[in-house]
Amino acid sequence: MISDHSVVYYLTMIFGMVVVTFGIRFVLYARADKIQMPEWVEQMLKFVPVAVLTAIIMPMILLPNQADSIVMNWQNPWLIGSLAAFSVGLLSRSSLLTIAVGLVIFFLSKWFFGS
């Protein structure tokens, strides 16, 4: 059973997190139209999504199941699926087709190798 004291504590914590999160974002968005960034900064910011996505995905591909070392063999379904998606993406330039092929190849290789 949850006591009244812990309910108040958790609600206060949640409210505090909401205030901090909203406060930070509000200050940034409220001033966004008044800030003029240099052209080179705006050009660099275009690469941020690709860099972040790569940083998130590469450990998952190369270290499946939280392996201790890099797994670069053909029994790694994450590697096979990512290579297939990369190839299709280069050739077709279609996001939907790239995702579909990558997922199909990933699940087929996962089923085939039984991992």
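The values are calculated or read from the model by the stated rules, or taken from the named source; none is laboratory data. Every value quoted in this text rests on a predicted model; they were computed, and no experiment measured them. Please note: Cβ atoms are built from the backbone with ideal geometry, for glycine as well, and neighbour counts cover all protein chains shown.
Against the criterion of being among the hydrophobic types (A, V, I, L, M, F, W, C), farther than 17 Å from residue 112 by Cα and touching a Leu at 6+ places or on another chain (Cβ under 7 Å), residue 57 does not qualify. Annotation note: of 13, 60, 17, the sole residue that is in a helix (DSSP H, G or I) and under 30 Å from residue 81 (Cα atoms) is 60. Total residues in the range 103-112 satisfying the condition of being surrounded by 13 or more Cβ atoms within 10 Å (Cβ to Cβ) and either over 18 Å from the mean Cα position of the chain (by Cα) or more than 15 Å from residue 64 (Cβ to Cβ) (or both): the figure is 6.
Quick check on residue 73: is it at pLDDT below 90 and in a helix (DSSP H, G or I)? Spelling it out, it is not the case that residue 73 is at pLDDT below 90 and in a helix (DSSP H, G or I). The condition of being in the same structural domain as residue 113 (by TED's automatic domain parsing), without any contact (Cβ under 8 Å) to a residue 12 or more places away in the chain and loosely packed, with under 12 Cβ neighbours inside 10 Å holds for only one of 11, 91, 63, that being 91.
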